[in-house]
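Following: one structure in structure tokens, then a few remarks.
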Amino acid sequence: MVRWTYTSKADLLQIYNYISRDSIYYAKKVVNDIVDKSENLDTFPCMGRKVEELEDENLREIVVYSYRMIYRIAENNDIHVLAIVHCKRNLTKDILSK
């Protein structure tokens, strides 16, 4: 099962609000595409690549447009989407622990 953390939901809202200043259509499209990618994780949890900055086998990412969807594979194979981070932003553990 794919679960979204409070932080990752807040990240999606922030992305939507930012893009919607220019285009509501594209804001919806980007957010929907990110969510759609997460739905594949239930079947293929290892489809994302390992997060290079953080040496943890269970932390993975999928790039959608210019955003990194960071997720953790839990022991019971549940997927926890931790954050959606812009590719130009430096990724640190504190971003994932909000």
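Here are the numbers:
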read-out: Members of the stretch 46-68 that are part of a loop (DSSP other than H, G, I, E, B) and either hydroxyl-bearing (Ser, Thr, Tyr) or surrounded by fewer than 18 Cβ atoms within 10 Å (Cβ to Cβ) (or both); value: Cys46, Met47, Glu52, Glu53, Leu54, Glu55, Asp56, Glu57, Asn58, Tyr65, Ser66
read-out: All positions within the stretch 14-42 that are among the polar types (S, T, N, Q) and either modelled with pLDDT of 95 or more or crowded, with 17+ Cβ neighbours inside 10 Å (or both); value: Gln14, Asn17, Ser20, Ser23, Asn32, Ser38
read-out: Within the stretch 43-66, considering residues that are over 16 Å from Thr5 (Cβ atoms) and of a type in the set (S, T, N, Q), the one modelled with the highest pLDDT; value: Ser66
read-out: Selection count where residues are under 19 Å from Ile70 (Cβ atoms) and among the β-branched types (Val, Ile, Thr), scope the stretch 9-33; value: 3
read-out: All positions within the stretch 1-34 that are among the basic types (Lys, Arg) and either in contact with a Lys or Arg (Cβ under 6 Å, 6 or more places away or on another chain) or assigned to a helix (DSSP H, G or I) (or both); value: Lys9, Lys28, Lys29
read-out: Top-ranked residue in the stretch 69-78 [being over 18 Å from Leu12 (Cα atoms) and without any contact (Cβ under 8 Å) to a residue 60 or more places away in the chain; ranked as surrounded by the most Cβ atoms within 10 Å (Cβ to Cβ)]; value: Ile73
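The values are calculated or read from the model by the stated rules, or taken from the named source; none is laboratory data. Model, not experiment: these values are computed from the prediction. Because the Cβ atoms are built from the backbone with ideal geometry, glycine has one as well, and the counts that use them run over all protein chains shown.
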